[in-house]
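Accompanying notes for the structure given below.
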Amino acid sequence: MIVNTTAVYVLWLREMKRFSRAKSRVIGALAMPLFFLVFLGLGFNRMAVPGMTGDRTYIRFLVPGIIGMGLLFSSTFGGLSVLWDREFGFLKEIMVAPVNRFSIVVGRVAGGTTTGLIQGVMILGISFILGFKISGPASLFLAILMMILIATTFLGLGLIFASLLKDMQGFSIIMNFVIFPLFFLSGALYPLDNFPLWLKYLSFLDPLTFGVDGLRGILLGASSFAVWLDFILMVFFSGVMLFLGAYFFEKSESI
Amino acid sequence: MDAIRVENLTRQFSGFTAVDRISFTVQTGELFGLLGPNGAGKTTTINMLATLLKPTSGSAEVAGYNVSLYRDNVRRSIGVVFQDPALDTKLTGKENLEFHAMMYGLSRHERKSRLAEVLRLVELEEKADVLVEKYSGGMKRRIEIARGLIHWPKVLFLDEPTLGLDAQTRRRIWDYIKKLNKDKGVTIILTTHYMEEADYLCDRVAIMDFGKFVALDTPSQLKDILGGDVVSMEVEGDTAALLKQLKTLAWIKMIKSHDGFLSLTMEKGERRIPELITEAHQAGVSVTCVHLRKPSLEDVFLHFTGRTIREDLAGQNGRHRSAMPGHGRGR
């Protein structure tokens, strides 16, 4: 299937315009990660993290987790925003255009990834202010790559749900039974070593586990798995999620 | 070539048949109307023709392309204005048009001139850079009509184009629609449940009820089915003598009498009233009141279905909506 680059661009452009105009959305997207970072970071200040040494280990441990959290929420919502477009009717305008469905998915993912990345980098910027340090530009580059993989994975997940649901009614169910479990299972807030074995295995099914672990490896040099393994798994997860998202979106009827 | 050719088109939603084996053709340049109450299947028909819903059975061709097989060709050939606004309210009117123009592959040069042209047509040049969320209902409808025209569609679908608009705005929209059809030669299919809209705008009207066509013809011929105008007279005096006299007149098609009220069916009623009064005078009967009623499409609908569309609206017509969870809106 041929990707219609103009359609991808115009869908991306629309997302950028909407994002830049919704100041409250930007502030809202940053407020929660910031609160987590400040309050948890200060509250668990003296908690020891296995495998990490030095000062203020917990807040350093927390930064990649919070970036992962921000991406999880914003990207899943980004995929689910198809439901908003359906609710407000704009989806029909998109679907009646002579553009193949795959290009529409690519356009949405491009837009969602960009806004997710902007938020991820902003969280990282805030953590610099709080005293977080990284080793150099190379690790920043790798971190951005990992953020892109996390964003596309959960955009795909959001698209799957947006195509299966018909309206916003199921939104809170997804919030409570999908997004929060994925967040807590990932070890974004605590090391997974304390989990009982069965829960630990369950966490291996959560893409965010490897996304956050990869970010920790890149930014802190301390991770449970090898960074290359995290990358391979995340490429796999994002590929599968995007494929399924595109598949279900293509199959679902537009109205 | 026919702009639209539909054969036995059917759509079911989990056991419920929204559109039931309808067949019709629309000629190029025609202004064709689908008239019927809410839930009759008008929007479902439009959605199938616009490739948004797949037909359960039957076939349809738009601008020469089968809607199931050549979706992108159909999409390129049509413009659609949906019943509910399909605008991004966080973008300006112009940005909405630009989005559309780019999705349809217009070059930068084409976009510039075309956007100015359609904005002028709907008289929204001055509001082009305002966010759509600040637009009134009428402005939204106008910008959508403009948008539907950007890519020079051969066929334009208008689903309830004046629903919820005030009388003045409705007039203006009607004028745009007429202008488009007559001056630009765009084939237009519109759905409506407003009788006067179908009557005023459409070359031909299909009356739709429970997913089926109950009648299809020009508005004037549909009304002719009813036999003409109805003249009602209130009379005092020897009614029997007058009735006897009236029965000898061939141009009166039907006579009903009731307590000094006469109800007479005839063509060109307004030209016959003086004659009727003369007849009454000769019979020694005085006429105290005359009322002339031209048949409307409402009467035609009543004739074919035994109900009025207004009754259906008043009863909110729950029959279709409740049968379709999740499909209640805009059907």
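Coordinate-derived values only; no laboratory data. Every value quoted in this text rests on a predicted model; they were computed, and no experiment measured them. Heads up, the Cβs are rebuilt from the backbone with ideal geometry, glycines too, and the neighbour counts pull from every protein chain shown.
General remarks:
- Across peptide B:83-93, the mean count of Cβ atoms from other chains lying within 10 Å of each residue's own Cβ comes to 5.
- Compared with the rule-of-thumb size 2.2 N^0.38 Å for a compact globular protein, the stretch B:227-293 has a Cα radius of gyration ratio of 0.96.
- Efficiency of FRET between B:Trp152 and A:Met168 - r from beta-carbon atoms, R0 30 angstrom, step 0.05: 0.25
- Modelled spin-label separation between B:Ala241 and A:Phe236, with each label point placed 7 Å from Cα along the Cα-to-Cβ direction: 10.6 nm.
- Extension gain, B:Glu117 to B:Glu196: 0.36 nm times the residue separation minus the Cα-Cα distance gives 25.5 nm.
- One way to sum up the overall shape of chain B is the equivalent ellipsoid from its Cα gyration tensor, whose semi-axes run 45, 23, 18 Å, largest first.
- Using the Cβ of A:Leu37 as centre and a radius below 14 Å, the other residues enclosed give a net charge of +2, where K and R count +1 and D and E count -1.
- Using the average count of surrounding beta-carbon atoms within 10 Å as a protection proxy, the listed peptides A:74-81, B:98-105, B:211-218 rank, highest first, as A:74-81, B:98-105, B:211-218.
- Greater than 24 Å apart at Cα, pairs in B:Lys94/B:Lys184; B:Lys140/B:Lys178; A:Lys251/B:Lys90: A:Lys251/B:Lys90
- Peptides A:209-215, A:160-166, A:64-70, B:241-247 ordered by average Cβ neighbours within 10 Å, highest first: A:209-215, A:64-70, A:160-166, B:241-247
- A:Val178-A:Phe128 pseudo-label distance in nm [points 7 Å out on the Cα-to-Cβ vector]: 3.4
- Nearest-0.05 FRET efficiency for B:Glu125 and B:Asp175, computed from C-beta distance (R0 22 Å): 0.80
- Entries of A:Lys92/B:Lys294; B:Lys182/B:Lys223; A:Lys92/B:Lys223; A:Lys23/B:Lys42; B:Lys179/B:Lys212 with Cα pairs more than 32 Å apart: A:Lys92/B:Lys294; A:Lys92/B:Lys223; A:Lys23/B:Lys42
- Counting charges near B:Ser113 (Lys, Arg +1; Asp, Glu -1) among other residues having Cβ under 14 Å from its Cβ returns a value of +2.
- Each Lys or Arg adds one and each Asp or Glu takes one away; over the other residues whose Cβ falls under 14 Å from the Cβ of A:Ser135, this sums to +3.
- Euclidean distance between Cα centres, the stretch A:178-219 to the stretch B:140-158, Å: 50
- Calculated over the protein assembly as shown: convex hull of Cα atoms, volume per residue (Å³): 189
- Rounded if a/c under 1.5, otherwise prolate or oblate - the stretch A:5-251, Cα gyration tensor axes: prolate
- At R0 = 41 Å, FRET efficiency that the Cβ-Cβ distance of A:Arg25 and A:Trp228 yields, to 0.05: 0.70
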